[in-house]
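Visitor: What follows is a structure written as structure tokens; I'll ask about it next.
FYI, it's all coordinate maths here, none of it is from the lab. Every value quoted in this text rests on a predicted model; they were computed, and no experiment measured them. Virtual Cβ from ideal backbone geometry, glycine too; neighbours counted across all protein chains shown.
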Amino acid sequence: MSNASQQFIRQAEPDPGEMQLSTIQIRKVSTVEKGIEPGLDCCGSGATGNNEKPGGTGCPNCGVEGQKVKNITVRSMVLDNLIENVGDQDFFFCRTPDCPVVYFDSISGRRFDKHDVKVRVWLKETEDPIPVCYCNEVTEKEILDEILKNGCPPALEEIQKRTGAGKGGKCLTRNPSGRCCHPVIKAVIQKAEKMPSEEGYL
Ligand SMILES: [Zn+2]
């Protein structure tokens, strides 16, 4: 497994040297995605639709309505030894940042938490590495560092070109939400633009 892949593994240990510089900055942007609607422009064919409303069924832990997610996404995300527990139905994706539940289905009672899935779920993580693009394995820190190095305000397309984020097209099976990461990339760019200049992002 390459270094690039290793940083996406759940509970991977961050490099202590890198953490010193970035921890404070990263904390500021770790919740940027919360209020962002699913993508306006999806990069992956077959990825879950953009305009679906919350499903009307609440997370068994936090009670907040989940976001529909296809069976194939859940099947791709859970640990190999849990795949037989997935069943055939679609699930809901819990978007509450501090809730450990990732997928749930109220009818069957099936539920998969953070420790049941293979990747770090970006909106439930507060420390680097926080994945943004799962297809090409680009983290929030890498995008921020790119902006720090080469300046603001970059357009989404520019960041895509510089980092490779949001160009994988495999969101349905790589992104735990089954959705395109473009809205998350945009949120990271917007957050970087709002950062005080003394932190170097403007
Ligand atoms: Zn929840």
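Visitor: At 0.36 nm per residue, and after removing the present C-alpha to C-alpha distance, how many nm does the segment from Lys149 to Thr57 gain when stretched out fully? If you can, show how the numbers build up before the last one.
Guide: Numbers: separation 92, 0.36 × 92 = 33.12 nm, distance 4.37 nm.
Here the answer is 28.8 nm.
Visitor: Here's a follow-up. Quick one: if the Förster radius is 25 Å, what FRET efficiency do Val64 and Asp88 give, using the C-beta to C-beta distance and rounding to 0.05? Walk me through the intermediate numbers first.
Guide: On the way: r = 25 Å, r/R0 = 1.00.
Efficiency, rounded to the nearest 0.05: 0.50.
Visitor: Translational D (Stokes-Einstein, µm²/s) of the stretch 95-202 at 20 °C and 1.002 mPa s when Rh comes from the Kirkwood sum over C-alpha pairs? Walk me through the numbers on the way to the answer.
Guide: On the way: Rh = 14.8 Å.
Diffusion coefficient, whole number: 145 µm²/s.
Visitor: Could you please rank Ser106, Ser177, Ser76, placing first whichever residue has the fewest other Cβ atoms within 10 Å of its Cβ?
Guide: Details: Ser106 16, Ser177 25, Ser76 20.
Listed from fewest to most nearby Cβ atoms, that is Ser106, Ser76, Ser177.
Visitor: Mind sorting Cys62, Cys133, Cys180 by how few other Cβ atoms lie within 10 Å of their own Cβ, fewest first?
Guide: Taking fewest neighbouring Cβ atoms as first place, the list is Cys62, Cys180, Cys133.
Visitor: If only Cα atoms are counted, what is the Rg of the stretch 67-116, and what is its Dmax, in Å?
Guide: When restricted to Cα atoms, the stretch 67-116 yields Rg and Dmax of 9.9, 28 Å.
Visitor: Rank these for me by crowding, Leu172, Leu82, going from fewest to most other beta carbons within 10 Å.
Guide: On the way: Leu172 21, Leu82 16.
Neighbour counts put them in this order, fewest first: Leu82, Leu172.
Visitor: Another question, then. How far apart, in nm, are two points set 7 Å out from the Cα along the Cα-to-Cβ line at Asp80 and at Gln190?
Guide: Those two pseudo-labels are separated by 4.0 nm.
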